[in-house]
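Visitor: Sharing a structure below in structure tokens format, with a few things to ask.
The values are calculated or read from the model by the stated rules, or taken from the named source; none is laboratory data. In this text the structure is predicted, and so the values were computed from the model without any measurement. Using ideal geometry, Cβ is built from the backbone for each residue, glycine included, and neighbour counts are taken over all protein chains shown. Just so you know, the surface numbers come from the protein's heavy atoms only, side chains and all, with ligands and any DNA or RNA stripped out. Shrake-Rupley method; radii C 1.70, N 1.55, O 1.52, S 1.80 Å.
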Amino acid sequence: MMQHDGQGGFTLLEMLTVLVVVSLVAVISLPYARKSGEARRLDAVAETVAAKLREARSMALSNNEKSSLTIDVEKRQILGPGPRPPYSLPPDLLIKVTTVENQAANTTGSISFFTDGGSTGGNIVIADGTMTRRIAINWLTGAVVWQAEETP
């Protein structure tokens with residue numbers, strides 16, 4: 001049997017170490033905790049649309065033929081790339097598509113990617129109240145990027 005001569009408990013150094021670790025975790029996680037559920041949902045929709053655009057570009061490069069993605073604003077669907085089932089956009093979000101073919105589409109907009117990686121280019125805006133996500137498609141490189149924008 002073991003005997004303990006001193007009292008049980010934590011040292012001051014152990015307590016300070018725990019406080020420092022808890023403080024670091026709080027500081028690192030605070031920006032993520034502030035982001036609302038609506039903002040996360042909007043980010044998820046923007047990332048899904050961007051992923052579909054990147055997939056269309058990849059298909060054009062790998063199949064060596066033009067690939068297109070069509071956004072039907074009225075039906076709130078994204079068609080393509082290829083024979084994929086349509087992706088339905090949430091009904092409460094504002095969707096606006098700007099392309100070369102149709103300057104600002106209220107009904108449909110199509111973005112095509114070519115075998116060299118380039119595209120017809122354009123912008124897709126997805127908004128929910130004061131939160132906006134803009135997806136930009138570079139016409140020269142076909143690069144697809146999205147960014148968050150706050151509207152007053």
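Visitor: I'm trying to understand the selection: among the residues of region 59-82, which are part of a helix (DSSP H, G or I) and under 17 Å from Val144 (Cβ atoms)?
Guide: Met59, Ala60, Leu61, Ser62
Visitor: Can you pull out every residue in region 30-43 that is assigned to a helix (DSSP H, G or I), modelled with pLDDT under 85 and open to solvent by 50 Å² or more (accessible area, probe 1.4 Å)?
Guide: The answer is Leu30, Pro31, Tyr32, Ala33, Arg34, Glu38.
Visitor: While we're here: If you check every pair at least six apart or on different chains, which have Cβ atoms under 9 Å apart with a residue in region 120-139 that is closer than 13 Å to Asp92 by Cα first and a residue that is buried (at least 18 other Cβ atoms within 10 Å of the Cβ) and of a type in the set (Lys, Arg) second?
Guide: Here the result reads Ile126/Arg133; Ala127/Arg133, each pair linking region 120-139 to a residue that is buried (at least 18 other Cβ atoms within 10 Å of the Cβ) and of a type in the set (Lys, Arg).
Visitor: Considering only residues of region 131-146 that are within 25 Å of Met59 (Cα to Cα), in contact with a strand residue (DSSP E or B) (Cβ under 6 Å, 6 or more places away or on another chain) and not charged (D, E, K, R), which is most open to solvent (accessible area, probe 1.4 Å)?
Guide: Trp139
Visitor: Next question, about the same structure. Which members of region 63-85 meet the condition of being open to solvent by less than 90 Å² (accessible area, probe 1.4 Å) and without any contact (Cβ under 8 Å) to a residue 12 or more places away in the chain?
Guide: Matches in region 63-85: Asn63, Leu79.
Visitor: Still on this structure: Restricting to region 92-130, count the residues that are on the phi < 0 side of the Ramachandran plot, open to solvent by less than 30 Å² (accessible area, probe 1.4 Å) and modelled with pLDDT of 90 or more.
Guide: Of the residues in region 92-130, 13 are on the phi < 0 side of the Ramachandran plot, open to solvent by less than 30 Å² (accessible area, probe 1.4 Å) and modelled with pLDDT of 90 or more.
Visitor: Now a separate question. Given the conditions (1) in a helix (DSSP H, G or I); (2) in contact with a Phe, Trp or Tyr (Cβ under 8 Å, 6 or more places away or on another chain), which single one is not true for Arg133?
Guide: Against the list (1) in a helix (DSSP H, G or I); (2) in contact with a Phe, Trp or Tyr (Cβ under 8 Å, 6 or more places away or on another chain), Arg133 comes up short only on (1).
Visitor: Given Ala56, Ala148, Ala127, Ala46, which one is within 14 Å of the chain's Cα centre (by Cα) and in a helix (DSSP H, G or I)?
Guide: The conditions single out Ala46.
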